[in-house]
Amino acid sequence: MVLRPLPARLLAAWPGWRTACARGASRGPAGPGRPRAGPGPTPERYRVERLPFSTVSAEDLAAFERAVPGRVVTDPGALEAANVDWLKTVRGCSKVLLRPQTSEEVSCILRHCYKRNLAVNPQGGNTGMVGGSVPVFDEIILSTALMNQVISFDEVSGILVCQAGCVLEKLSQFVQERNFIMPLDLGAKGSCHIGGNVATNAGGLRFLRYGSLRGTVLGLEVVLADGTILNCLTSLRKDNTGYDLKQLFIGSEGTLGIITAVSILCPPQPKAVNVAFLGCPGFAEVLQTFTTCKGMLGEILSAFEFMDAECMQLVGQHLHLAIPVQDSPFYILVETSGSNAGHDAEKLGSFLEQALGSGLVTDGTMATDHRKVQALWALRERITEALSHDGYVYKYDVSLPVERFYDLVIDLRARLGLQAKHVVGYGHLGDGNLHLNVTAEAFSKALLEALEPYVYVWTAEQQGSVSAEHGLGFKKRDVLGYSKPPKAVQLMRQLKALLDPKGILNPYKTLPAQA
Ligand code: FAD
Ligand code: MLT
Ligand code: ZN
């Protein structure tokens, strides 16, 4: 077989990759040290009334101390970080955080809370983007941080069973040592928990290749509101016995039960990974490159991410990462993952030749070495972090037909004018998922009103989804109706009432406020 060489100009060393790597490209979000002051209490910014739950008494604290000895946190300083979300947009005033280690302990806590009518906010890595992970008022925070044990790993099937509080990056390392990978990856991997990923049905950077957690999660153990342990922790690829109850909890954002353990199918580690970071002259060319990519790379295409020039400018400005390709209005990151380096290089070479030759792509760089691959990924993964350094961030996470994808960004730039510092678009183009972000010096009600419901109406008109992968949490719960019909919302309320009749699990989240 004759191998087609990769275009030499793309293989030329990119001097900036060391900078990107040295700054901890894959470390996940740099929460502490980010410059902005925290938000005020949530009810000051949003219209929300405390529901008539009990407040935590000395007797409750004593009961918790019996359930999780030495792991009841009441020190206000220690509670501060757990009361504020990663984006620093919402703040609760919980006075108690509990750190169970086992499902039985979670069950014991919930039995007590259910009896006493105490509201509970499940929390994983607190990297959620929609204010679901922190209390709105004084809900008890139930953290999964100490539920971090791998239960089993089958080296033939690749099925991993673990507790919900395992950090995604740690799981990635664990399975990689056994020649597998996790089926999902995201910029928050250094902090987020697998239970949080399942609770939000996180999409992320490997969705294009490995699909949704709705397919890769094989089983769950969940503790229900009254403390009942529901064991659906099977590790079967096929199981059509009755309703698939675990699906109810995937993406339910802690409102239907607390996920305590996860069984998940891990794909084999690809032997060859290539990443190309390319500049495109226009959005039409981005789309054509995607079509060409799918046609020419076929089964080895594992990611197709896109970002506009303003994103890259912010990554350079705030994170001091060197951008390897300059002066393009759009950038794409294409990843291939396969089992035969020669075969993959040949395919990628043909694709790049075609894309460069036809003007779809004007410039680019590529990497096969692991550290350089990570450095290129950092340019995409760390956009979220760069934006958070830019000021208050209004975040929208929509699914749209790809042809209309960027029109929303252009439209908003014109609509907002100087009200916004930056209006940027990036995201998982391969999955039809746009991240539209607007930054401003500080939160402003006027700017919020210029954005909402405009963005949601625009999205609904395209039959899109107002939350592609981040969920609804607290900040987006009232926009569910833009993407789901009233009957569906009603059924969701009935399911909530069935599983959590007192409404103690993550109140004020996911379902719209009752009129
Ligand atoms: P948390 O933030 O702690 O919680 C999220 C929600 O799940 C809350 O409603 C919480 O109550 C609930 N929850 C948490 N644990 C449990 C549990 N065990 N049982 C029941 N409910 C629970 N999301 C994507 O989809 N794709 C991305 O590419 C992506 N990239 C990100 C990059 C960065 C830098 C950041 C900061 C966030 C990103 N996110 C992304 C958002 C976020 O959804 C994910 O980070 C992650 O899935 C949340 O996990 P967590 O453990 O931090 O959960
Ligand atoms: C991403 O894809 O980077 C994440 O979903 C986070 C974000 O939207 O900023
Ligand atoms: Zn995303």
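The values are calculated or read from the model by the stated rules, or taken from the named source; none is laboratory data. All values reported here derive from a predicted model rather than from experimental measurement. Please note: Cβ atoms are built from the backbone with ideal geometry, for glycine as well, and neighbour counts cover all protein chains shown. The protein model used for the area step is the full one, side chains on, heavy atoms only, and it has no ligands, DNA or RNA in it. Shrake-Rupley method; radii C 1.70, N 1.55, O 1.52, S 1.80 Å.
Descriptive notes on the structure:
- Rg(Cα)/(2.2 N^0.38 Å) for region 257-309, N = residue count: 1.66
- Estimated at the nearest 10 Å², the accessible area of Thr216 is 20 Å² with a 1.4 Å probe.
- Descending semi-axes in whole angstrom, ellipsoid equivalent of the chain, from the Cα gyration tensor: 39, 27, 21
- Atom-type composition of the exposed protein surface of the chain places 54 percent of the accessible area on carbon and sulfur (1.4 angstrom probe).
- Local electrostatic count at Glu105 - Lys and Arg +1, Asp and Glu -1, tallied over other residues with Cβ under 10 Å: +1
- Computed lengthening from Thr102 to Lys294, 0.36 nm per intervening residue step minus Cα-Cα distance: 64.7 nm
- Acute angle (nearest 10 degrees) that the helix 309-319 long axis makes with the longest principal axis of the chain, alpha-carbon atoms: 70
- Kirkwood Rh in Å, taken over region 272-384 so that all alpha-carbon pairs contribute: 14.0
- Measuring between their Cα centroids, region 388-446 and region 36-112 lie 32 Å from each other.
- Within the full protein context, the accessible area of Cys93 is estimated at about 70 Å² for a probe radius of 1.4 Å.
- Reach of Lys347 by Cα under 19 Å, taken over lysines that are not fewer than 8 positions away in the same chain: Lys271, Lys294
- Descending Cα extents along the principal axes, region 36-145, whole Å: 38, 28, 22
- Taking His320, His389, His193 and ordering them by how much accessible surface each has at a 1.4 Å probe, largest first, produces His320, His389, His193.
- Gain on full stretching of the segment that runs from Val156 to Asp407 - 0.36 nm per residue minus C-alpha separation: 85.7 nm
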